[in-house]
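Take a look at the structure below.
The values are calculated or read from the model by the stated rules, or taken from the named source; none is laboratory data. None of these values were measured; they are calculated from a predicted model. Here the Cβ positions follow ideal geometry from the backbone for every residue, glycine too, while neighbour counts run over all protein chains shown. Only protein heavy atoms, including side chains, enter the accessible area calculation; ligands, DNA and RNA are left aside. Shrake-Rupley method; radii C 1.70, N 1.55, O 1.52, S 1.80 Å.
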Amino acid sequence: MSLTQVNWMALMPEIIVLGFAIIVLLGELFMSASSKRSLGIITLIGLAAALFSLTKLWGVETTEFNGMFSVDFTANTLKAILLITTALVVLGTLKVKATLGEGEFFSLILFSVLGTMFMASATDLIMLFIALELTVLPAYILTASKKNARGAEVALKYFLLGMIASVILLYGMTLLFGLTGATNFAAIADKLGGGPIEPTLIVAMLMIMVGLGFKVAAVPFHFWAPDVYEGAPVPVASYLAVGPKAGGFAAIIHLFPIALVVITPAWAGVFAILAVVSMSLGNLVAFAQTHIRRLLGYSAIAHTGYLLVGLAVADNYGYSSMIFYFFVYSLAALGAFLVILATTEWGIGEDITDFAGLSRRAPMLAVAMAVFLFSLVGLPGFAGFMGKLFLFSAAVKSDLIWLAVIGVINSAISFGYYVTVIRQMYLVSPSTNEVVSVSKPLYFSIMLILAAVIFLGIYPTTFLSIINL
Amino acid sequence: MDYPIITMIVFWPLVGALLLQLIPRDKVNIIRWSTLLITLIGLAMGLPLLSGFKVGQTAMQFAEKAPWIPGIGISYHVGLDGISLPLFMLGLLLVVVTVLASWSIKERVREYFSLLLFLEVGMLGVFAALDFVLFYIFWELVLIPMYFIIGIWGGRNRSYAAVKFFIYTLAGSALMLVGILAIYFTSGLYTFDIVKLMEVGYNHQLATFVFLTFFIGFAVKVPMWPVHTWLPDAYVQAPTGGSIIMAGILSKMGTYAFIRVIIQVLPGEFTRFAPYIAVLAVISIVYAALTAIAQSDLKKLVAYSSVSHLGYIMLGIAAFTQVSLNGAVLQMVNHGLITGMLFLLVGYIYERTQTNEISELGGLSVKIPILGGMFVFAALASLGLPGLSGFVGEILILLGSYSTYGLYTIIAVFGLALTAFYLIRANQYAIFGVPPATMGEFRDVNGREFISILPLILLIVAVGVYPKPFLQYIDPAVNIVLQMIRG
């Protein structure tokens with residue numbers, strides 16, 4: 001196959017991100033210190049351009065590179081979510097003191113985004129593995145960019161655990177290749193179809209689950225998440241909280257239902273168990289946290305649990321609901337991280353008690369934070385509720401009522417720890433009445449997310465029709 | 001009506017709350033008067049409902065229906081019948097009373113009144129909603145403003161009480177969502193429309209599970225024994241306005257939902273479980289009355305008295321006769337008026353004496369004769385003095401329930417004696433008697449306070465003396481409910 005046979009239009013979003021990643025990196029090398037400030041804007045333009053070119057691919061279903069790279073509904077929507085949330089992070093960090101050079105920071109983000117996009121489109125084991133490594137390598141560097149003992153410890157932990165997960169994933173992939181002689185998902189499914197189910201296949205499935213479960217921070221592969229969320233610089237943590245997960249979920253939605261379709265009950269069952277364990281453990285451990293970002297870390301694990309419900313359902317309605325939930329979750333979690341970014345920029349600490357009286361020092365930030373947390377709980381009126389409505393309806397529809405019951409009970413319980421933050425902001429008096437001011441782009445980014453969370457909570461219909469729900 | 005009257009009334013407070021944000025936060029008086037005006041306009045907007053309501057019509061009236069999230073069959077569907085209309089109007093009225101009662105709020109006034117208006121949206125919405133998802137949304141929407149109202153403006157133990165209130169009610173109602181989804185997927189209709197589901201009744205094999213999810217949610221909200229333990233904390237710690245809303249209206253959300261959802265959508269399960277509901281109702285009556293006897297705090301006494309009285313309403317619902325249901329719906333309104341008034345007066349007394357301890361009160365009939373007299377009036381209405389509204393509601397419930405649950409009804413009558421005992425004793429020590437030597441001098445009721453109480457007194461007397469105009473709204477609707485179930 002020659003290069004001219006590839007429909008490059010199908011890869012246009014990736015090409016644009018790659019181009020801008022290189023431009024930004026070169027800009028860091030050659031631009032003067034004062035003009036480097038524009039690199040953030042350039043990154044934003046790149047993300048917007050990629051998003052625009054993605055809209056041109058909306059509704060297109062095609063594969064390129066002999067079926068290694070798929071353009072489809074799942075890939076497109078998750079890429080769009082990734083680009084939107086990353087753009088909001090970049091917007092929020094425009095005026096924030098970076099721990100790295102601007103160019104390094106933004107280009108690493110773009111490279112990681114690129115990897116995630118390929119991951120979202122990967123329909124081949126080799127492509128998936130390479131994309132995954134491209135996603136996480138910049139993430140390791142970004143995590144390590146805070147040059148202190150804690151930052152180094154967290155980055156090392158993240159790196160080592162990530163490497164182990166990658167190795168296990170790779171081993172699972174080789175087993176799968178050994179069984180079928182194919183790396184392409186569809187080809188694997190062909191080879192597996194009809195024959196007896198080998199125990200090795202289950203082993204391969206479990207190993208792949210470990211690798212991808214690590215990506216999306218499902219229990220018991222979650223240990224890195226709270227540490228990284230807490231120890232990485234806030235802008236990096238904001239990106240890691242949402243971006244790379246999009247790739248992880250897209251890869252899961254592609255790999256399991258396509259390549260491993262013959263053993264659907266097996267992996268759906270395991271995902272159901274992982275869902276229950278993740279949401280329950282994440283929520284319970286979150287109660288013990290005093291550091292706001294650790295709290296959000298465990299909350300993220302719980303939310304991975306909710307998301308896995310969509311995989312346990314194992315039909316298209318489940319996957320669509322899961323994608324919708326991923327978007328509404330990402331918005332709220334990202335919003336919370338950006339509020340934390342705003343307060344830490346002002347010198348406020350990150351213990352939950354440091355948020356005391358925020359409603360008086362920064363009324364809009366407090367309102368936004370409260371709304372994001374309410375949305376994470378899943379209270380009606382906010383996007384999180386609509387997400388849970390669809391996710392749990394998928395479970396009930398597929399006779400997994402028990403899973404929906406555990407899900408809603410967990411949601412109710414989770415209010416108990418989110419409320420500690422709200423309590424501090426509204427019910428406790430501040431130690432100082434100094435007003436917190438926020439840089440304009442960051443404030444704008446938070447308000448955009450706030451508007452989206454409320455709008456999607458009241459009228460999600462338009463958005464739902466975009467994602468076929 | 002040729003305009004969407006219910007939508008306008010329900011969302012008018014939301015508009016009002018947004019308008020309040022335009023007033024600078026230190027212009028406290030303007031904020032108070034504006035809120036009063038907003039709620040009065042809301043009440044005025046509701047009056048055409050009373051005149052336009054066609055008594056005896058089977059269908060929901062003033063109904064509005066529009067697709068909302070068509071992908072999963074969720075519609076925006078609101079409407080009122082003879083059961084929900086009285087409660088809807090009660091909500092509109094009690095909010096005005098609450099605004100007047102909240103004049104004494106000094107801190108963060110704009111936030112307080114904004115939250116109160118948000119709260120109003122949720123309450124009114126619950127009574128009007130005819131789509132399960134919409135109903136659930138309004139149901140839960142009430143929690144957030146209530147949490148803040150208790151948590152920020154409440155008493156000494158407010159933070160604990162607010163979280164307890166929230167978690168209890170959220171945990172109770174969260175499962176409702178699964179129940180609603182189960183109905184959607186298994187009823188065969190693929191609809192969330194309450195009216196459509198009422199017409200066929202839900203009798204799938206999951207009905208028992210669905211019943212339980214709703215029952216827990218509603219029982220916590222009412223609250224019934226044994227899930228009432230959040231109530232004393234929340235009612236007592238809440239500021240006066242919060243207590244009035246919770247006792248007056250939020251508890252009615254629970255009792256109303258029993259009729260609307262459990263009787264009308266789940267008739268089979270209701271018939272099966274009604275005897276157990278009746279048992280819980282009777283336990284609520286007696287247990288709460290006995291607990292009220294043991295209270296030394298006037299506000300706590302009123303709180304337990306409220307639980308006890310809600311037990312009568314639940315008994316009337318469970319008995320399911322025409323008379324008892326009429327009584328239950330009428331008593332919902334009465335309970336809102338009477339308990340609302342009691343909490344209002346306890347609040348006014350506290351503002352003067354700075355205590356709710358019955359032992360530290362006394363001689364209020366001398367110190368503040370008008371307020372004291374009003375408290376006596378409210379207590380008499382509560383214990384069911386003939387001629388006042390409480391009597392009418394309770395006598396209907398007891399008469400109607402006797403044929404179904406003779407023994408329970410007799411026990412409930414003994415509950416009335418307990419009620420009389422603790423209320424009269426509270427009056428004896430707190431209102432009459434000799435004022436303690438340490439007690440200072442207080443101003444009696446002022447104009448604003450008087451006006452806030454007056455409509456309640458008038459309605460309590462009106463219902464008590466001549467209940468017919470009120471029952472004429474309720475009775476046909478009750479008949480429809482009975483016909484639907486009994487065929």
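In region A:317-366, which residues are assigned to a helix (DSSP H, G or I) and acidic (Asp, Glu)? Result: A:Glu345, A:Asp354.
Looking only at residues that are more than 8 Å from every other protein chain (Cβ to nearest Cβ), hydrophobic (A, V, I, L, M, F, W, C) and part of a helix (DSSP H, G or I) in region A:396-412, which one is least open to solvent (accessible area, probe 1.4 Å)? Checking each candidate, the answer is A:Leu403.
In region B:49-70, is there at least one residue being open to solvent by 60 Å² or more (accessible area, probe 1.4 Å) and more than 27 Å from B:Tyr256 (Cα to Cα)? For region B:49-70, residues open to solvent by 60 Å² or more (accessible area, probe 1.4 Å) and more than 27 Å from B:Tyr256 (Cα to Cα): present. Among the residues of region B:174-191, are any more than 10 Å from every other protein chain (Cβ to nearest Cβ), assigned to a helix (DSSP H, G or I) and out of contact with any strand residue (DSSP E or B) (no Cβ under 7 Å at 6 or more places or on another chain)? No, region B:174-191 has no match at all.
Counting only residues that are surrounded by fewer than 24 Cβ atoms within 10 Å (Cβ to Cβ) and assigned to a helix (DSSP H, G or I), region B:305-332 holds 2 of them.
How many residues are without any contact (Cβ under 8 Å) to a residue 24 or more places away in the chain and either surrounded by fewer than 23 Cβ atoms within 10 Å (Cβ to Cβ) or more than 8 Å from chain A (Cβ to nearest Cβ) (or both) when one looks only at region B:148-162? Give the steps one after another, and end with the answer.
Applying the first criterion (without any contact (Cβ under 8 Å) to a residue 24 or more places away in the chain) to region B:148-162 yields B:151, B:159.
Then drop every residue that is not either surrounded by fewer than 23 Cβ atoms within 10 Å (Cβ to Cβ) or more than 8 Å from chain A (Cβ to nearest Cβ) (or both), which leaves B:159.
Of the residues in region B:148-162, 1 are without any contact (Cβ under 8 Å) to a residue 24 or more places away in the chain and either surrounded by fewer than 23 Cβ atoms within 10 Å (Cβ to Cβ) or more than 8 Å from chain A (Cβ to nearest Cβ) (or both).
Quick check on region A:267-288. Is at least one of its residues open to solvent by 10 Å² or more (accessible area, probe 1.4 Å), outside any helix (DSSP H, G or I) and in contact with a helix residue (DSSP H, G or I) (Cβ under 9 Å, 6 or more places away or on another chain)? So far as region A:267-288 goes, yes, one or more of its residues are open to solvent by 10 Å² or more (accessible area, probe 1.4 Å), outside any helix (DSSP H, G or I) and in contact with a helix residue (DSSP H, G or I) (Cβ under 9 Å, 6 or more places away or on another chain). Every listed requirement among (1) open to solvent by 30 Å² or more (accessible area, probe 1.4 Å); (2) in contact (Cβ under 8 Å) with a residue 24 or more places away in the chain; (3) at the interface with chain A (Cβ under 10 Å from one of its Cβ atoms) is met by B:Asn203 save one, (3).
Counting only residues that are surrounded by 13 or more Cβ atoms within 10 Å (Cβ to Cβ), touching a Gly at 6+ places or on another chain (Cβ under 7 Å) and assigned to a loop (DSSP other than H, G, I, E, B), how many does region B:418-435 have? Don't jump to the end; show me each part of the working.
Going through region B:418-435, the residues surrounded by 13 or more Cβ atoms within 10 Å (Cβ to Cβ) turn out to be B:418-427, B:429-433, B:435.
From the residues that got through so far, the ones that are touching a Gly at 6+ places or on another chain (Cβ under 7 Å) too are B:429-431, B:433, B:435.
From what's left, assigned to a loop (DSSP other than H, G, I, E, B): B:433, B:435.
Residues in region B:418-435 being surrounded by 13 or more Cβ atoms within 10 Å (Cβ to Cβ), touching a Gly at 6+ places or on another chain (Cβ under 7 Å) and assigned to a loop (DSSP other than H, G, I, E, B): 2 in total.
Residues that are touching a residue at least 40 places away in the same chain (Cβ under 8 Å), open to solvent by 60 Å² or more (accessible area, probe 1.4 Å) and of a type in the set (A, V, I, L, M): which helices (runs of 4 or more DSSP H) entirely in region A:105-201 hold 1 or more of them?
Working: elements: A:125-143, A:149-180, A:185-192.
Passing ranges, in order: A:125-143, A:149-180.
Just checking, does region A:33-42 include any residue being touching a residue at least 12 places away in the same chain (Cβ under 8 Å), among the hydrophobic types (A, V, I, L, M, F, W, C) and open to solvent by less than 50 Å² (accessible area, probe 1.4 Å)?
If we filter region A:33-42 for residues that are touching a residue at least 12 places away in the same chain (Cβ under 8 Å), which is where we start, we get A:36-37, A:39-42.
With the extra rule that they be among the hydrophobic types (A, V, I, L, M, F, W, C), the set shrinks to A:39, A:41-42.
Subset that is open to solvent by less than 50 Å² (accessible area, probe 1.4 Å): A:39, A:42.
Looking for residues that are touching a residue at least 12 places away in the same chain (Cβ under 8 Å), among the hydrophobic types (A, V, I, L, M, F, W, C) and open to solvent by less than 50 Å² (accessible area, probe 1.4 Å), one finds at least one in region A:33-42, hence yes.
For region B:52-110, the set of residues classified as assigned to a strand (DSSP E or B) and among the hydroxyl-bearing types (Ser, Thr, Tyr) consists of B:Ser75, B:Tyr76, listed by residue number.
For region A:51-76, filtering for residues that are under 22 Å from the mean Cα position of the chain (by Cα), free of Cβ contacts under 8 Å to residues at least 60 places away in the same chain and in a helix (DSSP H, G or I) leaves 6. The single condition among (1) assigned to a helix (DSSP H, G or I); (2) more than 14 Å from chain A (Cβ to nearest Cβ); (3) open to solvent by less than 10 Å² (accessible area, probe 1.4 Å); (4) in contact with an Asp or Glu (Cβ under 9 Å, 6 or more places away or on another chain) that B:Phe113 does not meet is (4).
For the residues A:Ser330, A:Ser321, the requirement of being at pLDDT 90 or above and within 14 Å of chain B (Cβ to nearest Cβ) singles out A:Ser321.
Residues that are of a type in the set (A, V, I, L, M, F, W, C), modelled with pLDDT under 90 and open to solvent by 40 Å² or more (accessible area, probe 1.4 Å) within region A:418-457 comprise A:Val428, A:Val435, listed in sequence order.
Which residues, taken from region A:56-102, are of a type in the set (S, T, N, Q) and under 30 Å from A:Phe185 (Cβ atoms)?
In the first step, residues of region A:56-102 are kept if they are of a type in the set (S, T, N, Q); the result is A:62-63, A:66, A:70, A:74, A:76-77, A:85-86, A:93, A:99.
Hits for region A:56-102 are A:Thr62, A:Thr63, A:Asn66, A:Ser70, A:Thr74, A:Asn76, A:Thr77, A:Thr85, A:Thr86.
Restricted to region B:336-417, the set of helices (runs of 4 or more DSSP H) holding at least 2 residues that are modelled with pLDDT under 90, surrounded by fewer than 19 Cβ atoms within 10 Å (Cβ to Cβ) and not basic (Lys, Arg) comprises B:369-383.
Beta carbons closer than 6 Å, at least 6 apart along the sequence or on distinct chains, pair a first residue in region A:435-458 that is under 11 Å from A:Met364 (Cα atoms) with a second that is open to solvent by 60 Å² or more (accessible area, probe 1.4 Å) and at pLDDT below 90 for A:Val436/A:Trp346. List pairs: first residue in region B:63-79 and farther than 12 Å from B:Asp193 by Cβ, second residue open to solvent by less than 20 Å² (accessible area, probe 1.4 Å) anywhere in the structure, Cβ distance under 6 angstrom, at least six positions apart or on different chains. That search, which allows pairs on different chains as well, returns B:Glu64/B:Val78; B:Gly71/A:Leu464. Scanning region A:359-384 for residues that are touching a Pro at 6+ places or on another chain (Cβ under 9 Å) and crowded, with 24+ Cβ neighbours inside 10 Å yields a total of 2. For the subset of region B:208-226 comprising residues that are within 14 Å of another protein chain (Cβ to nearest Cβ), of a type in the set (A, V, I, L, M, F, W, C) and open to solvent by 10 Å² or more (accessible area, probe 1.4 Å), which member is nearest to the chain's Cα centre (by Cα)? Among them, the one singled out is B:Ile216.
Return yes or no: is B:Ser102 of a type in the set (S, T, N, Q), modelled with pLDDT of 90 or more and either open to solvent by 20 Å² or more (accessible area, probe 1.4 Å) or within 22 Å of B:Leu250 (Cα to Cα) (or both)? It is true that B:Ser102 is of a type in the set (S, T, N, Q), modelled with pLDDT of 90 or more and either open to solvent by 20 Å² or more (accessible area, probe 1.4 Å) or within 22 Å of B:Leu250 (Cα to Cα) (or both). Please verify whether B:Ser75 is closer than 30 Å to B:Ser114 by Cβ, away from chain A (no Cβ under 14 Å), of a type outside the set (Lys, Arg) and surrounded by 16 or more Cβ atoms within 10 Å (Cβ to Cβ), treating the condition exactly as stated. No: the conditions fail for B:Ser75. Only one of the numbered conditions (1) under 19 Å from the mean Cα position of the chain (by Cα); (2) at the interface with chain B (Cβ under 7 Å from one of its Cβ atoms); (3) not basic (Lys, Arg) is not met by A:Phe385, and that is (2).
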